[in-house]
Amino acid sequence: MKKIYLILIAFIALTSCEDFLGRRPYDKISSETAFESAFLAENVVNGVYSNLIYDYVTVDAARVNWDAFSSVMDPTNSLCTSKYNYLTGKIQTNNSLFLTYWKRYYEGINRANDVINNMHRVPDMTDEQKAKRIAECKFIRAYHYYRLNCLWRGVPIYLENYAPAEYTKPRSTEEQVWQLIIDDCTAAIECEALPAKIDKGSADYGRITKGAAYTLRGKVYMWLKEYELAEADFEEVGKLGYALYTGGYDKLFTEENERCDEMIFSVQMVAKSGNGNCFSFLYGSYCTTGFGNSEFLLNTNFVNSYEEKNGKPFDWNDYIPGYNEMSPKERSVYFLRNNMSDSEISQMSTYGAKMSEYDATGNETRIKAAYANRDPRLAATAITPYAEYKGGASGAESVYTMRYPYRNWEAPQLDLRGSQTNQMLYMIRKFVAVGRESTNIQYNPIDVPVFRYADVLLSLAEAVNEQGRYAEAMQYVNQVRSRAGVQALGTNEYTQVMNKDQMRERIYKEKKWELACEEQLYYDELRWGTWKKDKFAINNGLQHVWGDPVYTYSWGGEEYWKWPIPSTEREKNTNLQQNDGWL
């Protein structure tokens, strides 16, 4: 399936340049031609799939990282004030962010509509193959409507394509859009030609399966709070043969394991321009082969939320008595490198570090102890102070260490260098290339998981818990915790769960620890209703690892729970009613 992203589709040159709702539609001649043979029709389907990669490649400067909207990740200071000013409470409806994704999702919908409404005309294709491709495209259409509805909560529904001037429908209600997604997923599930699961050795790997359709439908039922129906769908996914990868969380996000049984639906990537994932570039450091730019960092409060392996909540005072009572600037002393120079000591003293606590020979060992016994997913996701990272930007594999104050990334220092050398921030390890394994940093070949079984298990736990069966929900969470290598819930004094409310909070945290950096959590936080509380907590924003803010977020108002209809779209279609609170 990966090869479809390398195909230059010949008929694209025949399409018109008209752009409405983000769609560059086939003109009458090219549309008819595209469905006159199986070869051309399959290329149209490939075009439907290829639209999915936009969220994960670097070629378009307008793309955003969805986890940067969630509470687990922060953009750099310059990004926050430009590209992510939604988080500063200062944004207008004419911002390109809203138009980009409105057009982008409708483009995917219109591509899918072309197949759904025209595939029956292909003369040299079996009915079974036609049915399979239509089912795949119904899922993809449903997926794009899912993203639209999560953001806007009610959008126009188009099930066929029109001339540009005819896109004048008013918004359907949020509930009507959810029902459309359910209907499309149900059609995919009921299609006999659509496989339940595709094995990793198959040439069709990467195409839509019933497992993906059950997962998406289950997620919609969660939005609708129809937890019994969601539970049934998530249970079906496990029956189809999907299972947790057991080789370790830190080995899961590699090219070797990108097609394991845990991956239900992944966007296929290859190491080519515009067809490889951007994570290694955007998450990676200057020391990553090809030079990453570390545009995104893990939120310090989120990192502090990772528990000990035995399930005990992490507390800085357990490792450094009095730490919590100090100001952030004062406690920066504990993160300083051994054997600092006189000028470095003077600099940190002026900054506000409590230098009387500095241990010139044991400072690094003392702070490393605070991370040594944490949930292993932390070390697999973040590069913590004085941890090592194997990079290859120098042309050969070298082991770098995260130290502060930063001196030099070249030998003999080999300090890990991020985008800001005057700040100590939590850089990301997950999805970032190791050593010289990937030399084209902007086009990493590792597939990007959209749905994986750990998410399904945690969603199943949530659905069961919301029905009041918190003890049963614990069993599903414990499957994920067991793979992670942490204490099972309900097995010691730290992991007891006594009611549904406690279990709910456990599930929310577990999802963040498990799914961080996979661009799924913003949508969950919107659904949970926790986004405002978690993302815009007092003084929350990008922070040094010791908690001193680089910048803080600002809540723009209750209207921020829903995205505004782009102003240009309302000018084109006067039937579009704006969301409350937006002009």
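The values are calculated or read from the model by the stated rules, or taken from the named source; none is laboratory data. Every value quoted in this text rests on a predicted model; they were computed, and no experiment measured them. So basically every Cβ, Gly included, is an ideal-geometry build from the backbone, and we count neighbours across all protein chains shown. Heads up: the accessible areas ignore ligands, DNA and RNA and are worked out on the full protein's heavy atoms, side chains in. Shrake-Rupley method; radii C 1.70, N 1.55, O 1.52, S 1.80 Å.
Let me confirm something: among 413, 475, 479, which residue is more than 20 Å from residue 286 (Cβ to Cβ), open to solvent by 40 Å² or more (accessible area, probe 1.4 Å) and out of contact with any helix residue (DSSP H, G or I) (no Cβ under 7 Å at 6 or more places or on another chain)?
475
If you scan segment 237-250, which residues turn out to be among the hydrophobic types (A, V, I, L, M, F, W, C), out of contact with any strand residue (DSSP E or B) (no Cβ under 8 Å at 6 or more places or on another chain) and either surrounded by 22 or more Cβ atoms within 10 Å (Cβ to Cβ) or within 28 Å of residue 381 (Cα to Cα) (or both)?
243, 244
Output the residues belonging to segment 188-209 that are within 20 Å of residue 50 (Cα to Cα) and either crowded, with 16+ Cβ neighbours inside 10 Å or under 21 Å from the mean Cα position of the chain (by Cα) (or both).
Within segment 188-209, 188, 194, 198, 205, 206, 207, 208, 209 meet the criteria.
Go through segment 533-571 residue by residue and tally those that are of a type in the set (A, V, I, L, M) and crowded, with 19+ Cβ neighbours inside 10 Å.
Residues meeting the conditions: 3.
Filter segment 504-522 for residues that are part of a helix (DSSP H, G or I), farther than 18 Å from residue 484 by Cα and open to solvent by 10 Å² or more (accessible area, probe 1.4 Å) and give the result.
Those that are part of a helix (DSSP H, G or I), farther than 18 Å from residue 484 by Cα and open to solvent by 10 Å² or more (accessible area, probe 1.4 Å): 504, 505.
Would you check if there is a residue in segment 67-83 being closer than 30 Å to residue 198 by Cα and modelled with pLDDT of 70 or more?
yes
How many of the residues in segment 349-373 are of a type in the set (Phe, Trp, Tyr) and in a helix (DSSP H, G or I)?
Residues meeting the conditions: 2.
Could we say that residue 418 is in contact (Cβ under 8 Å) with a residue 60 or more places away in the chain and open to solvent by less than 10 Å² (accessible area, probe 1.4 Å) here?
Answer is no for this residue.
Just one of (1) over 22 Å from residue 174 (Cα atoms); (2) surrounded by fewer than 17 Cβ atoms within 10 Å (Cβ to Cβ); (3) touching a helix residue (DSSP H, G or I) at 6+ places or on another chain (Cβ under 9 Å); (4) not hydroxyl-bearing (Ser, Thr, Tyr) trips up residue 225, so point out which.
(1)
A quick yes/no check of all residues on (1) part of a helix (DSSP H, G or I); (2) touching a strand residue (DSSP E or B) at 6+ places or on another chain (Cβ under 8 Å); (3) small (Gly, Ala, Ser):
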site: 46; (1), (2), (3): yes, no, no
site: 62; (1), (2), (3): no, no, yes
site: 67; (1), (2), (3): yes, yes, no
site: 105; (1), (2), (3): yes, no, no
site: 108; (1), (2), (3): yes, no, yes
site: 132; (1), (2), (3): yes, no, no
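For segment 453-470, which residues satisfy the criterion of being open to solvent by 20 Å² or more (accessible area, probe 1.4 Å) and either of a type in the set (S, T, N, Q) or without any contact (Cβ under 8 Å) to a residue 24 or more places away in the chain (or both)?
467, 469
So which of 480, 545 is modelled with pLDDT of 95 or more and either under 23 Å from residue 178 (Cα atoms) or out of contact with any strand residue (DSSP E or B) (no Cβ under 7 Å at 6 or more places or on another chain) (or both)?
480
State all residues of segment 374-400 that are assigned to a strand (DSSP E or B) and either open to solvent by less than 20 Å² (accessible area, probe 1.4 Å) or in contact with a helix residue (DSSP H, G or I) (Cβ under 7 Å, 6 or more places away or on another chain) (or both); if no residue qualifies, say none.
374, 382, 383, 389, 391, 400
Take segment 373-397 and flag every residue that is modelled with pLDDT of 95 or more and of a type in the set (S, T, N, Q).
Selection gives 373, 381, 384.
Against the definition (out of contact with any strand residue (DSSP E or B) (no Cβ under 9 Å at 6 or more places or on another chain) and in a helix (DSSP H, G or I)), how does residue 234 come out, yes or no?
Yes, satisfied.
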